[in-house]
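All remarks here apply to the structure that follows.
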Amino acid sequence: MENKMTALPVLKIMGHRTAKQVQNHCNNLNRLVALDNSTLTPVEVMWMYAGDTSGVMDSAFIDTASHKALSISAAGYTTVILRPFNIAEIDDCYEFTLTPNATFVVKDDHTISGWGPGYSYLPVPAQENHDVAIIHPGFRAATALRTDHSIFAWGLPSTGGELKISDAQRTDVTDIQMALSMGLLQGSTEPTVSQWGAGSDGSNQTPAEISSRTDIKKILTAGSAQVALTQSGQILEWGSNATFALPAEIVALTDVQDIYISNSAGVALRKTGQLAAWGIPQTGGTLPDDIAALTDVERVIPGYQSFVALRKNGAVVCWGQDFALPPGMTSLTGIVHAVYGLSEKPLPFAYEGCSVLDSNGQVYSWYGPGIEMSVPAGLSNVVALTTNGFYSFAALKSDGSVVAWGTDISGDTSPVDGLLNDVQAIYPITQGYLALKANGTMVAWGNPDIQSDNASIPADLQGLVTYQY
């Protein structure tokens, strides 16, 4: 009797992977979820980055290394491999305007393409455009990492568009950060840290005692200041921004498990669940007494001039410039995700805003000094949140539909409502969003220059930018 193999069901993975949003200084780590494709119920899976020997078992996952391929497996299901982030925006492509208008993508053939009025201002060098794994967006510049761990850059040289000759010859690059004026890389051989762009051969260069170290776990940049975390739990800092100079009590720490920076302050998460901060006091560099006393912090989300922290019970705390929880949210628990961006703006000021997601798929938002932000009525079954930092948020629901809100044009999906179905990920783009569907097609809305009605996406890109291998 013939033995027929029955194909295993496929997991439905949802949530976007993307680089730091340079334009609003926010570094929103993104949430991924695994669902049964038929029932849309959560499935406990093993999440494991390429090159790692251990992973995390859960139905949801905070993507801390979106530049790496991610394997998702579960008994009885076909294993899924998520691509590293492959959609990015280059900031401020025009020399004399403040309108960032170029979207770049890595196609399935590992070449870069894109669109937008600024796309022709930053042409990808044809001779370099091959074997690309990811693009790191910057300010009028970008850097791409190839599958062989070499890199190339393009754009304005002074802001990171031109590599050092020695860096252009490397094939050991493991991570890249881009900021408003420079690029920063981490490699597996000396110099293990290198930077290029503004001040990289003068006031803002990597000291020899940093670049010669082989124990660096993580690197971050705020443009004119860089911070690194070592394997032994120590923090290192260098650059020309005195705001980030480490005080003695931060230098003395040896139990730091993660670091976070805004544009004017830094926060260390210790293995004890405690926080330590430095930088400008009123923008988050000094912790309120009640937050300094906590011993159960799980992670921190940096904003522009403030911070949000999630505790192990899912409670939320925040501190910084004109930023506080509304009274009705101080007792919330079960929060699993938070995203930061600018919020509704009571003129003449633009306050920071935050939206959080709880384990039941409910969303809560607030901005500035403890003011609740309205969320669309009936919004439920949300699995992931996104913000582009321009007074709006977008929610991805388990059924693949999308709901957006806010005072910016990107809070209005009406031009593309008929297309927003079977979405797997929503990517932030300045004053807009880009949704990637399961069939590889993209849907864009918001920014009137490049994506107000979806028609500007080149037809030859549709179906060629997939979510997973």
A convex hull over the alpha carbons of segment 411-466 yields, per residue, a volume in Å³ of 73 Å³
Projected onto their principal axes, the Cα atoms of segment 80-233 stretch, largest extent first, over whole-Å spans of 44, 42, 27
Applied in sequence order to segment 267-280, the curve 6.51 cos²θ - 1.76 cosθ + 1.60 (Karplus, θ = phi - 60°) yields integer Hz couplings, x standing for Gly and Pro, of 9, 10, 9, 8, 5, 7, x, 8, 10, 9, 9, 8, x, 5
Taking N as the residue count of segment 353-469, its alpha carbon Rg divided by 2.2 N^0.38 Å gives 1.04
Honestly segment 128-203 on the Cα gyration tensor test (a ≥ b ≥ c root eigenvalues; a/c under 1.5 rounded, otherwise a/b vs b/c for prolate or oblate) is just oblate
For residue 28, other-chain or 5+-apart residues with amide H closer than 5 Å (H placed, Pro excluded) are 21
Shape call for segment 266-359, from the Cα gyration tensor axes a ≥ b ≥ c (a/c under 1.5 means rounded, otherwise prolate when a/b beats b/c, else oblate), comes out oblate
With no solvent term and unit scatterers on the alpha-carbon positions of segment 312-417, Debye gives log₁₀ I(q)/I(0) at q = 0.19, 0.22 Å⁻¹ of -0.94, -1.22
Percent antiparallel among DSSP beta bridges confined to the chain, rounded to 5, stands at 95 percent
Calc'd 3J(HN,Hα), segment 238-253, phi into Karplus 6.51 cos²θ - 1.76 cosθ + 1.60 (θ = phi - 60°), Hz, glycine/Pro = x, comes to 7, x, 9, 8, 5, 4, 8, 4, 7, x, 4, 5, 7, 4, 6, 5
For segment 35-145, the percent of accessible surface on carbon and sulfur atoms (probe 1.4 angstrom, ligands and nucleic acids excluded) is 55 percent
Result for the chain: accessible area per residue, probe 1.4 angstrom, in square angstrom, of 39 Å²
Interchain or sequence-distant (5+) residues whose placed amide H lies within less than 5 Å of the amide H of residue 59 are 45
Shape call for segment 188-248, from the Cα gyration tensor axes a ≥ b ≥ c (a/c under 1.5 means rounded, otherwise prolate when a/b beats b/c, else oblate), comes out oblate
Between the modelled labels at residue 131 and residue 422 (7 Å from Cα along Cα→Cβ) the distance in nm is 3.5 nm
For the chain, averaging the sequence separation of alpha carbon pairs under 8 Å that lie six or more residues apart and dividing by its residue count, the contact order in percent is 10 percent
Residue-ordered couplings for segment 45-61, obtained by feeding phi - 60° into the Karplus form 6.51 cos²θ - 1.76 cosθ + 1.60 and rounding to whole Hz (Gly and Pro as x), are 10, 9, 9, 9, 6, 4, x, 8, 10, 9, x, 10, 9, 5, 8, 9, 8
With N residues in the chain, Rg(alpha-carbon) / (2.2 N^0.38 Å) equals 0.94
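The values are calculated or read from the model by the stated rules, or taken from the named source; none is laboratory data. In this text the structure is predicted, and so the values were computed from the model without any measurement. Using ideal geometry, Cβ is built from the backbone for each residue, glycine included, and neighbour counts are taken over all protein chains shown. With ligands, DNA and RNA removed, areas are computed over all heavy atoms of the protein, side chains included. Shrake-Rupley method; radii C 1.70, N 1.55, O 1.52, S 1.80 Å.
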